[in-house]
1. Nearest 500 deg cm²/dmol is fine: what mean residue ellipticity at 222 nm does the chain get from its DSSP H runs of n ≥ 4 alone, each adding -39,500 (n - 2.57), divided by its residue count?
2. What does the C-alpha gyration tensor say about the overall shape of the stretch 162-279? Classify as rounded when a/c is under 1.5, otherwise prolate if a/b is larger than b/c, or oblate.
3. Residue-wise, which Karplus ³J(HN,Hα) couplings in Hz belong to the stretch 275-284, taking 6.51 cos²θ - 1.76 cosθ + 1.60, θ = phi - 60°, and x for glycine or proline?
4. To make sure I understand, if each residue's beta carbon is the centre and we count other beta carbons within 10 Å, what order do VAL351, VAL70, VAL221, VAL35 fall in, fewest to most?
5. When LYS99, LYS339, LYS282 are ordered from fewest to most other Cβ atoms inside 10 Å of their Cβ, what list results?
6. Pick out which of LEU251, LEU341, LEU232 has the largest mean-square fluctuation in a Gaussian network model of the chain, springs linking Cα atoms closer than 10 Å.
7. With the contact rule set at Cα under 8 Å and sequence spacing of 6 or more, what percent relative contact order holds for the stretch 323-406?
8. List, in the order given, every pair from LYS206/LYS339; LYS200/LYS309; LYS206/LYS342; LYS200/LYS307; LYS309/LYS356 whose Cα-Cα distance in the structure shown is over 22 Å.
Amino acid sequence: MASSVCVNDALTDDELRWILSRLDADKDKEVFGLVCKRWLYLQSTDRKKLAARAGPHMLGRLASRFTRIVELDLSQSVSRSFYPGVTDSDLTVIAEGFKCLRVLNLHNCKGITDTGLASIGRCLSLLQFLDVSYCRKLSDKGLSAVAEGCRDLRALHLAGCRFITDESLKSLSERCRDLEALGLQGCTNITDSGLADLVKGCRKIKALDINKCSNVGDSGVSTVAKACGSSLKTLKLLDCYKVGDESVSSLARFCKNLETLIIGGCRDISDESIVLLADSCKDSLKNLRMDWCLNVSDSSLTCVLRKCKNLEALDIGCCEEVTDSAFRELGSGDVLGLKVLKVSNCPKITVAGIGKLLENCSSLEYLDVRSLPHVTEVRCSEAGLEFPSCCKVNYSGSLTEPDVLL
């Protein structure tokens with residue numbers, strides 16, 4: 001009778017790691033670690049991602065067990081907003097224990113201060129992604145430390161960090177020249193001057209979120225458009241009321257690869273610049289939000305629908321000058337690929353306009369027709385409108401909205 005062979009004696013660590021790499025499901029990988037202490041060690045040291053809520057002692061133990069972690073998620077959900085989450089002392093343990101980190105998510109960890117960010121800058125030189133959105137105690141001092149120590153940073157999210165000013169953008173420009181994504185939503189101390197400083201060094205930016213940055217105007221946006229024209233794909237300017245036609249015209253001139261543009265609430269934007277944008281970005285534009293752009297009318301909307309063949313999501317809510325004519329001008333050859341369309345609070349749109357839209361668009365998945373006095377579920381039924389089988393029509397606000405245009 002042949003003698004039995006122990007797997008642990010026959011296979012090397014590298015061979016066992018290869019077997020572990022062939023397991024797709026996280027559950028299967030966890031089961032792998034239950035076989036014996038050696039397999040648990042291999043499973044632990046091979047793990048790349050970790051999401052946890054723990055104090056300094058437990059974080060230290062996790063760091064010693066999971067030595068190859070590159071992605072750490074310690075973010076707090078909105079439902080736990082009363083809890084501060086990670087603190088500065090926790091960040092010291094994290095920075096000193098997880099040396100291989102590339103991705104660190106601290107979203108909504110309200111207990112963090114500049115002291116904690118200094119630890120990140122001091123120890124995590126390999127970091128490429130950092131989310132400290134709604135960590136409201138942070139200031140330029142902490143961001144300067146991160147920029148100094150994490151020079152390979154590619155994505156930084158600072159939404160709701162109200163103490164951040166143009167000084168942080170200058171630090172990023174000087175030290176983090178490979179930055180590709182920057183989120184500054186609600187950072188109201190950011191100005192045109194800061195954006196100008198930013199793009200002096202950061203010319204690879206693909207995504208820039210300056211929603212609700214009320215001190216940003218045409219000068220700053222135009223500077224970004226010119227400096228990052230070849231790379232910029234996503235720009236969010238929600239409620240930047242100082243932004244007007246000059247900004248959109250600059251985007252049309254320099255940013256031929258723009259895919260997502262949010263200009264909701266920018267009330268000085270008119271048909272003139274939207275027509276230029278539609279012509280310039282006709283092959284790239286996928287998502288366009290221009291609700292509350294009160295000077296936008298049928299002429300520019302028809303131009304967008306006809307020329308932007310790859311457009312998937314469009315929001316023209318509260319554009320009161322838009323009428324059925326925008327859809328009636330579409331010819332039989334104008335096939336739309338729209339999946340999301342929001343026309344709420346456009347009082348001049350009627351069932352006839354919606355019917356014409358449906359003739360040219362069979363891909364619609366979500367249609368928002370709230371607060372349209374001439375478009376109700378009963379009237380649509382009486383008119384015999386046939387919506388695509390997968391389309392959800394929001395008549396009253398009872399449906400969950402897709403987040404593609406947020």
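1. -10500 deg cm²/dmol
2. Oblate.
3. 4, 4, 4, 4, 6, 6, 10, 4, 8, 10
4. Taking fewest neighbouring Cβ atoms as first place, the list is VAL35, VAL70, VAL351, VAL221.
5. Result, fewest neighbours first: LYS99, LYS282, LYS339.
6. Result: LEU341 has the largest fluctuation of those listed.
7. 31 percent
8. LYS206/LYS339; LYS200/LYS309; LYS206/LYS342; LYS200/LYS307
None of the figures in this text is laboratory data; all of them are computed from the coordinates on show. Treat the numbers as computed from the prediction; the structure is a model and nothing was measured. Cβ: placed from backbone, ideal geometry, glycine included. Neighbour counts: every protein chain shown.
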